[in-house]
Amino acid sequence: MRRRPDVCEREPLVAAELQRRTGLPLIPMVKANAYGVGVAGVVGALESLAPLAYGVATVREGEQLRELGIVRPVVVFTPLLAAEYERAATADLTLALGDADSISAWARAGKPYYLAIDTGMNRAGAPWRDVTALRDVVRKSPPVAAFTHFHSAESDSQSAQEQVARFLDAIASLGVDIPLLHADNSAAAARGVDGRGRWGAIRPGVFLYGVG
């Protein structure tokens, strides 16, 4: 994949088009210095669209957004070590968590989290078949959101729909009201993967930066 030369002008235009097409707020992924474009300029441009949150991969990236004056939620989507939780809490970050021990440990900080459910990406999160094992801890400390990640939404809508079914079944098995559900990355949002009307946001990444 390569970045197009007009990428610095594209982020707000592409983001606005995805938002218009889906009718959903954005959680733009700005990890790795906004994929090398420059996070300060990118979030400065995207702020006009009032994103629901920003997505990053590390605590340091979240701290950088705070240093830039970003006050809206910042979600660390990469699993962290427990030793990093104090810094994350100090920066008022939201973590993506997928196991009982992590949820319990983070709950002690009194900060919000997103429940990560693995429906086929096999990268991170609670396996969808085993989500009921989290029922007690999730009921004690409910997440503010839950999400999954499509493994091939850019080329295989059938597999994406299968992941949607797995994800929604897993959520239903918890018996907890989770205010925000999301799954659509750039490709899924562009292709219109059907979330049965349950999605509350889209999570665009590389498409914002002219990659595709």
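The values are calculated or read from the model by the stated rules, or taken from the named source; none is laboratory data. Since this is a predicted model, take the numbers as computed values, not measurements. Ligands, DNA and RNA are stripped out before the accessible areas are found, and what is left, the full protein with its side chains, is counted by its heavy atoms. Shrake-Rupley method; radii C 1.70, N 1.55, O 1.52, S 1.80 Å.
Roughly how many Å² is the accessible area per residue of segment 1-131, as a whole number, for a 1.4 Å probe?
Value returned for segment 1-131: 50 Å² of accessible area per residue.
Write down Rg/Rh for segment 104-144, rounded to two decimals, with Rg from the C-alpha atoms and Rh from the Kirkwood relation over Cα pairs.
0.99
Keeping all protein chains in position, work out how much accessible area Arg87 exposes to a 1.4 Å probe, and write it in Å² to the nearest 10.
120 Å²
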